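Quick notes on the structure that follows.
The values are calculated or read from the model by the stated rules, or taken from the named source; none is laboratory data. It should be emphasised that the depicted structure is a prediction, and the values quoted were computed from it without experimental measurement. Don't worry about glycine lacking a Cβ; one is built from the backbone with ideal geometry, like all the others, and counts go over all protein chains shown. Each accessible area value is taken on the protein alone, full model and side chains, heavy atoms only, with ligands, DNA and RNA left out. Shrake-Rupley method; radii C 1.70, N 1.55, O 1.52, S 1.80 Å.
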Amino acid sequence: MSDSDNTFAQARRDNDERLLGQLDTLRNGEDMQILEPFARAYLGMFYEIDDGLAPADKMAILANREVSDAVLAGFVAALQRDDIPPPYEIGGRLAKDESIPGGYVVLAGMDRLMQIDPEQVKQLPASILQSALCFHFANQTLQRDEWFDKLLADTAVSAPALNGFWQGLINNNAQMLPGLRKVLADSEYADLNREILLPVLIHWQSCKMKTFKELIFAALRYAENEELLQAARDLINDPNGIKEENKRLYWLATAFLLSPEEFAQDLSTYIGREKQKVLPLLDFMMRVSDRDAETGIEISPIMEAQLLRIIAPIFPPQEHSYGHLGGIDVNSRNVMRLFHRLATDTRPEAAEALKWLRKARVMRIYSNVLKHAEQLQNKIRSEENYPVPDFASYLEGLENSNDLVQRRNRFDLK
C-alpha cells in the first residue's frame with residue numbers, strides 16, 4: 001500500500017469516527033467548515049486523488065458510504081442557505097486575498113444538482129445563482145462547471161452578478177477582473193456587454209492602458225451610443241473625472257465619433273501637434289473604422305477631413321513612406337488610407353470636405369495630394385463605369401504623378 005493510500009485510509013477512519021454522529025448536520029448543509037474540504041476533493045483539488053474518478057466516487061475515498069452520501073446531500077442543501085456571500089463581497093474579499101466562505105461548497109452543490117436534476121438549478125434563488133457565477137471566477141478548480149455557460153448567457157443573472165463582483169474588486173484596487181476578457185471576446189455575450197461595460201469603463205479608473213483601450217473599443221461595439229456619449233461627456237467635463245491623463249485622448253476620440261460637431265474642436269485642441277498624441281489617435285481611428293470592427297460608427301466625409309487636419313501635418317507626404325524606397329511606414333500609410341477614403345467618396349459632402357481641407361494652412365504640404373483627390377472624385381462622379389481604385393492603385397497613382405514628394409517647411413516634424 002502506497003503512502004497516499006495509507007494517508008487516505010487514515011483520513012477515512014478519522015472522518016467516519018468524527019462525523020457519523022453529525023449526519024443530520026451534514027445532510028442539511030449546516031456546517032460549511034466541515035463540508036469545505038470534501039468540496040475541494042469533489043472539485044478535483046486534491047492531486048493525490050485520481051482525476052479519472054467521478055466526483056461522487058472521490059467522496060468514498062474520504063469517508064464511508066453513509067457519511068459521503070450525507071456530504072453530497074449537504075452540498076445541495078447549502079444552496080438554500082441565506083448567508084452565502086453576495087457578488088460584491090466575493091469581489092472585495094478576492095481583491096484583498098481573503099478567504100471566501102462557502103465558495104467551494106456552492107460550486108460542488110451546483111455540480112451535484114446538475115447531476116441529479118438540471119431543472120432544479122433553474123429553481124434556485126437568484127442570489128445563489130449570482131454568487132455561484134462569481135465563485136466560478138473567484139475559486140479556480142479543475143471541475144468543468146456544466147451550468148456556467150447557461151448562467152453567463154442569462155443576463156438577468158449574469159449582469160447583476162458581474163456588476164457587483166467587479167465593483168467589489170474595483171473598489172479594492174484590483175488590477176484584474178476575472179471573467180472580463182471572456183465576456184469581451186465573444187459576441188455571443190453582446191446583450192451582457194450592453195449591461196456591464198459602461199459601469200466598468202467609468203469606475204475602473206486604475207485599469208491598465210491596454211485593458212482600457214479594449215474596454216472603450218468594446219463599448220463602441222456594444223454600448224448604447226447615447227449612454228456612452230453621456231458617460232464621455234460627464235467624464236470630460238468633470239475636472240476630476242479622468243484620473244489618468246493618457247486616457248483623456250480616448251474619451252475625447254470616442255465623444256468625437258458620437259458627436260463630432262460638439263467635440264471636434266476639443267479633440268483638435270487637446271491633440272495639438274504632439275506626435276505622442278497623434279499616433280494613438282491614428283491607431284484608434286483606424287481600428288474603429290475597420291470594416292470588421294462592427295462598431296456601427298459611420299465616419300462622415302467632414303469627420304474624415306477633421307481627422308486629417310489633426311493628424312496629417314505630423315506626417316509629411318514623403319514618397320518613400322508609401323512606395324518602393326525604404327519600405328512602408330505604417331503611420332504614413334494609415335494617413336493615406338484616410339485620404340483614399342475621402343478621395344473615393346462620391347457624396348456631395350466629400351467634395352466640400354476636400355475644399356475645407358484645402359483652405360487649412362497646415363494642409364499646404366498636402367496640396368498636391370488634395371488636388372489629386374479632387375480630380376479623382378470628379379472622374380468617379382462624372383465618368384460612367386470609371387474604376388474606383390483600391391488603396392494600392394491609389395498610392396501608385398500618387399507616385400506616378402509625383403504628388404508624394406516631401407515639401408520641407410516648418411510643419412515637417414522629424
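Using 0.36 nm per residue of separation minus the Cα-Cα distance, give me the extension gain between E349 and S393 in nm, one decimal.
13.5 nm
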Report summary line: Dividing the helical contributions, -39500 (n - 2.57) per DSSP H run of n ≥ 4, by the residues of the chain yields a 222 nm value, nearest 500 deg cm²/dmol, of -19500 deg cm²/dmol
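Determine the shape class of segment 195-245: with a ≥ b ≥ c the square roots of the Cα gyration tensor eigenvalues, call it rounded for a/c under 1.5, and otherwise prolate if a/b is greater than b/c, oblate otherwise. Don't skip to the end; give the middle numbers.
Values: a/c = 1.96, a/b = 1.11, b/c = 1.76.
Because a/c hits 1.5 or more and a/b fails to exceed b/c, segment 195-245 counts as oblate.
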Report task. Give the shape of segment 34-108 as rounded, prolate or oblate, defined through the alpha-carbon gyration tensor: a ≥ b ≥ c are the square roots of its eigenvalues, a/c under 1.5 means rounded, and otherwise the shape is prolate if a/b is larger than b/c and oblate if not. Result -> oblate
**Report entry** Listed residues S289, Q22, T155: farthest to the positive end of the dipole of the chain (Cβ charges)
**Finding:** S289
Requested in this report: For segment 183-294, state the semi-axes of the equivalent ellipsoid (square roots of 5 times the eigenvalues of the alpha-carbon gyration tensor), sorted largest first and rounded to whole angstrom.
Outcome: 22, 16, 14
Requested in this report: Compare the peptides 76-83, 386-393, 242-249, 38-45 by average per-residue count of other Cβ atoms within 10 angstrom and give them in order, highest first.
Outcome: 38-45, 76-83, 242-249, 386-393
Query - Dipole of the chain, positive direction: furthest Cα of A343, P125, G91, with charges on the beta-carbon - result: A343
Requested in this report: Could you point to the label whose value was computed as Cα Rg over 2.2 N^0.38 Å for the structure here, given [x] 1.15; [y] 1.39; [z] 1.21?
Outcome: [y]
Report summary line: Output ordering of 216-229, 137-150 (per-residue mean of other Cβ within 10 Å, highest first) is 216-229, 137-150
Requested in this report: Using Cα pairs closer than 8 Å and at least 6 residues apart in sequence, work out the relative contact order for the chain, in percent.
Outcome: 10 percent
Report task. Could you size up the charge dipole of segment 130-287 around its Cα centre, putting +1 on the beta carbon of Lys and Arg and -1 on that of Asp and Glu, and report it in debye to the nearest 20? Result -> 700 debye
Query raised in the report: Shape call for segment 231-326 from the C-alpha gyration tensor, a ≥ b ≥ c root eigenvalues: rounded (a/c under 1.5), prolate (a/b greater than b/c) or oblate?
Result: prolate
Query raised in the report: To the nearest 20 debye, what is the magnitude of the charge dipole of segment 62-217 about its Cα centre, counting +1 on the Cβ of each Lys and Arg and -1 on the Cβ of each Asp and Glu?
Result: 580 debye
Query raised in the report: For the peptides 57-63, 27-33, what is the packing order when you average, over each peptide's residues, the other Cβ atoms within 10 Å and list the highest mean first?
Result: 57-63, 27-33
**Report entry** Per principal axis, descending, Cα span of segment 229-388 in whole Å
**Finding:** 53, 36, 33
Query raised in the report: At a 1.4 Å probe radius, carbon and sulfur cover how many percent of the accessible area of the chain?
Result: 46 percent
Requested in this report: Return an integer: the convex hull volume of the alpha-carbon atoms of segment 127-203, in Å³ per residue.
Outcome: 94 Å³
Query raised in the report: In a Debye calculation with equal point scatterers on the alpha-carbon sites of segment 35-186 and no solvent, what is log10 I(q)/I(0) at q = 0.10, 0.13, 0.18, 0.21 Å⁻¹?
Result: -0.34, -0.57, -1.06, -1.35
Report task. Rounding to the nearest 20 debye, state how big the charge dipole of the chain is about its Cα centre with +1 on each Lys and Arg Cβ and -1 on each Asp and Glu Cβ. Result -> 2620 debye
Query raised in the report: In nanometres, what is the gap between the two model label sites at E261 and D14, each 7 Å from Cα along Cα-to-Cβ?
Result: 7.6 nm
